[in-house]
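Since the structure comes first, as structure tokens, the remarks are kept for the end.
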Amino acid sequence: MPYNYLHVVRDAWSAPQMRRVPAKLTVALCAVAIVALVAYREVKRTAEREVEYWDWLSMGTLAELQTRDHSIARAEAQIMKDAFSEVEEALSVFRDGSDLSRLVADGTITVSSTSHLARVLNFALKVAEGSGGAFDPTVAPLMEAWGFRGLKVSDPPSATSISNILANSVGWRRVEVADSGDGRTVIASGGTRLDLGGIAKGYAIDVAYERLRDFGGENFLINLGGNIRVSGTNGKGGGGWTVAMRNPLGATGNLQYLPRQLRSGEAVATSGSYERFIEINGKRYSHIIDPRTGMPVDNEQLASTTVIAPTAIESDAYSTTLFVLGEEEGRRFIDGKDGCQAFFIGKNAIGLDALRRVEALCALGQRNALTPGAHTAAKWIADELAAIGLEPEIDEFNDPAPDGSERVFRNVLATARGTCPGRVLLLSHYDTKSGISDDFTGANDGGSSTGLLLALAKHLAVCPAAPYVTFAFLDGEECVRSYGEHDGLHGSRHLAKRLRGEGAALDAVILLDMIGDRDLTLTLPRNGDAELKRRFLSAADQVGRRGAVRLLQYDMVDDHQPFIDAGYKAIDIIDFEYGSLPGLNDYWHTPADTPDKLSAESLQAVGDIVLHMIDGH
Ligand code: ADP
Ligand code: MG
């Protein structure tokens, strides 16, 4: 989430007025409504007159109402805003008169058992106990020590100061909540300070939800800094609300759908380290702290956790909890919770998947064109595509081989039907160069792009907020003697001709070739569409890889050329500096082209760049 609510709550108080978002601001893009778990302005959505949008700032973050209850929309927005203000007034540590501030100042407070503080705290302590202290509302002193509460720190806190804090001022067991019997609750803070940032927004959403329902609201979605709860349906089929979240894997603006619609009454929240963190001495630290160690969660594998739950206080608290627990323990924690479902998003998920597939392809052996190895590889690719859920086509065609004889080549094709307009063609060749050595398997040359295309196919099958993407795995790219009419580029020449013949309209043809090198340099040959090159540069910039791009001053013979010749906009993304030292290309077409030269990070970066490029068609 962009902001932590307790952190910036004072600024929020002078927040701009609530406003209705005019319909013309909405962008016609995808076939179904998308609601990001992030600030909506960065989100593309349908121009859907049926849904009215309102947004404003509350509790230091963006609040949003989407409603189909047109006759009472304004009143709904006002009710929601008032609910958030009321919760903020009770739970803000920045407001002197708030219940929470008084508890901090006096060490004890007596409140109504139905007060916001009593309800939130009771639930927070329950989650703390159930999670073995992974979730803990007393993390405030740790948040301060790590510089998340205004005071910037120049060094991470020392091990001694962390253990002092843990020993003296953190621990949910110190907090005592007792019912006084007359409808009142006595809370004693036991020397700790509370931070309800991991749960308060979700609670506020529930308060607003109940009030909107009581008021007669039927079909609406409410969102507070990524904590979402829905009622009824968005009217686009399926009976609930389709919700997307930002894909945390690098690509900003690249949305990922929740794997299922939210049903009426359900809530969702996401926690992760990718948006809110602090930088100390150049190292990033997550704003979610493991209260058991006092350290910010530093999860090698996990980028974010998302929880769908029957209420927003649950989804908010549980998503934070799962991020601390990690996937394995997290699954055990969530399993017993009624109506809850968790999604764990791994770091470099596309890159790791791609690398695994490259290794599997290389393990099959050589894939020289016109050999049984190439046929085996084509079948393997088709099987992988089918397992992903796409319908693969093996396009067998005859083409003259260098010796003039007609021979059979095979392209493998499949299309992921995205929900956005447009059609993009992604290309890779899968054949290996012949005549290098018996064990040459082209891990980077032919392997890396094939692995990445499969991983992207898998990604888009789950997250279809993209145009139609046709994946084409081309045969016979490598020449035997030298490139010419009958030597090399067999698959691309055939496919370009075929698509032209079918009158296929393509917005972009993107060829990937040798893109897995650990030491990634992306060299763009001169022959390529200028607009696609610009789009590539901007995508590389967004992914933080602009520095690795070189625009070549010469043309390259590669599979994109037949598409250029056929009148399509095409680009070749290739790392033609694949070698033992920067600038060298001495691994190319040698037995040194093995999977250990590749990395998941590089594959992920190229995958992110491609996703950025096709986003926005
Ligand atoms: P966001 O505030 O971005 O919506 P979360 O709901 O995951 O994200 O909450 C993170 C916030 O929760 C932190 O900024 C902090 O206020 C608080 N917090 C951090 N670590 C913990 C923890 N282990 N248990 C409970 N709350 C925590
Ligand atoms: Mg939370």
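Cβ separations smaller than 9 Å between residues 6+ apart or across chains give the following pairs from segment 101-114 residues that are among the polar types (S, T, N, Q) to residues that are assigned to a strand (DSSP E or B) and open to solvent by 20 Å² or more (accessible area, probe 1.4 Å): 108/176; 108/186; 108/188; 110/184; 110/186; 112/184; 113/179; 113/184.
Hey, does segment 162-178 have a residue that's under 21 Å from residue 109 (Cβ atoms), open to solvent by 40 Å² or more (accessible area, probe 1.4 Å) and among the aliphatic types (A, V, I, L, M)? Yes, because at least one residue in segment 162-178 is under 21 Å from residue 109 (Cβ atoms), open to solvent by 40 Å² or more (accessible area, probe 1.4 Å) and among the aliphatic types (A, V, I, L, M). Are any of the residues in segment 317-334 surrounded by fewer than 22 Cβ atoms within 10 Å (Cβ to Cβ), under 30 Å from residue 601 (Cβ atoms), within 14 Å of ligand 1 (Cβ to nearest atom) and among the hydroxyl-bearing types (Ser, Thr, Tyr)? Checked against the condition, which is being surrounded by fewer than 22 Cβ atoms within 10 Å (Cβ to Cβ), under 30 Å from residue 601 (Cβ atoms), within 14 Å of ligand 1 (Cβ to nearest atom) and among the hydroxyl-bearing types (Ser, Thr, Tyr), segment 317-334 yields no hits at all.
Based on what the data block shows, is residue 559 open to solvent by less than 10 Å² (accessible area, probe 1.4 Å) and touching a His at 6+ places or on another chain (Cβ under 8 Å)? So residue 559 fits the description; yes. I'd like to check something: does segment 134-143 contain any residue that is polar (S, T, N, Q) and open to solvent by 10 Å² or more (accessible area, probe 1.4 Å)? No, there is no match, as no residue in segment 134-143 is polar (S, T, N, Q) and open to solvent by 10 Å² or more (accessible area, probe 1.4 Å).
Please enumerate the residues belonging to segment 357-407 that are of a type in the set (A, V, I, L, M), over 24 Å from residue 498 (Cβ atoms), open to solvent by 20 Å² or more (accessible area, probe 1.4 Å) and outside any loop (DSSP other than H, G, I, E, B).
Residues of segment 357-407 that are of a type in the set (A, V, I, L, M), as a first pass: 358, 360-361, 363-364, 369-370, 374, 377-378, 381-382, 385-388, 390, 394, 401.
This time we only want the ones that are over 24 Å from residue 498 (Cβ atoms), so: 358, 360-361, 363-364, 387.
If we keep only those that are open to solvent by 20 Å² or more (accessible area, probe 1.4 Å) too, we end up with 360, 363-364, 387.
Once the filter is applied, which keeps residues that are of a type in the set (A, V, I, L, M), over 24 Å from residue 498 (Cβ atoms), open to solvent by 20 Å² or more (accessible area, probe 1.4 Å) and outside any loop (DSSP other than H, G, I, E, B), segment 357-407 yields 360, 363, 387.
The set of residues from segment 520-546 being assigned to a loop (DSSP other than H, G, I, E, B), farther than 20 Å from residue 428 by Cα and out of contact with any strand residue (DSSP E or B) (no Cβ under 8 Å at 6 or more places or on another chain) comprises 543, 544.
For every residue, the table says whether it meets (1) free of Cβ contacts under 8 Å to residues at least 24 places away in the same chain; (2) open to solvent by 20 Å² or more (accessible area, probe 1.4 Å); (3) more than 19 Å from residue 390 (Cβ to Cβ); (4) not hydrophobic (A, V, I, L, M, F, W, C).
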{"position": "440", "(1), (2), (3), (4)": "no, no, yes, no"}
{"position": "450", "(1), (2), (3), (4)": "no, no, no, yes"}
{"position": "458", "(1), (2), (3), (4)": "no, yes, no, yes"}
{"position": "493", "(1), (2), (3), (4)": "no, yes, yes, yes"}
{"position": "500", "(1), (2), (3), (4)": "no, yes, yes, yes"}
{"position": "510", "(1), (2), (3), (4)": "no, no, no, no"}
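Please work out if residue 499 is modelled with pLDDT of 95 or more and closer than 30 Å to residue 244 by Cα. Considered against the rule, which asks whether it is modelled with pLDDT of 95 or more and closer than 30 Å to residue 244 by Cα, residue 499 comes out as no. Within segment 186-216, the only residue that satisfies the criterion of being free of Cβ contacts under 8 Å to residues at least 60 places away in the same chain and basic (Lys, Arg) is 213. Residues of segment 288-302 that are in a strand (DSSP E or B), away from ligand 1 (no atom under 11 Å from the Cβ) and open to solvent by 10 Å² or more (accessible area, probe 1.4 Å): none at all.
If you check residue 108 against the conditions, is it open to solvent by 60 Å² or more (accessible area, probe 1.4 Å) and either out of contact with any strand residue (DSSP E or B) (no Cβ under 8 Å at 6 or more places or on another chain) or under 19 Å from residue 279 (Cα atoms) (or both)?
Criteria not met by residue 108.
Checked against the criterion of being over 16 Å from residue 127 (Cα atoms), under 19 Å from the mean Cα position of the chain (by Cα), at pLDDT 80 or above and more than 10 Å from ligand 1 (Cβ to nearest atom), segment 270-283 has no qualifying residue.
For first residues located in segment 313-324 and more than 17 Å from residue 208 (Cα to Cα) and within 8 Å of ligand 2 (Cβ to nearest atom), partners that are at pLDDT below 95 and of a type in the set (Ser, Thr, Tyr) and lie 6+ apart or on another chain with Cβ distances below 8 Å form the pairs 319/270; 319/271; 319/305; 319/306; 320/271.
The values are calculated or read from the model by the stated rules, or taken from the named source; none is laboratory data. The model shown is predicted, which means the values in this text are computed figures rather than measured ones. FYI the Cβ positions are ideal-geometry reconstructions off the backbone, even for glycines, and counts take in every protein chain you see. Keep in mind that these areas ignore ligands, DNA and RNA; they rest on the heavy atoms of the full protein, side chains included. Shrake-Rupley method; radii C 1.70, N 1.55, O 1.52, S 1.80 Å.
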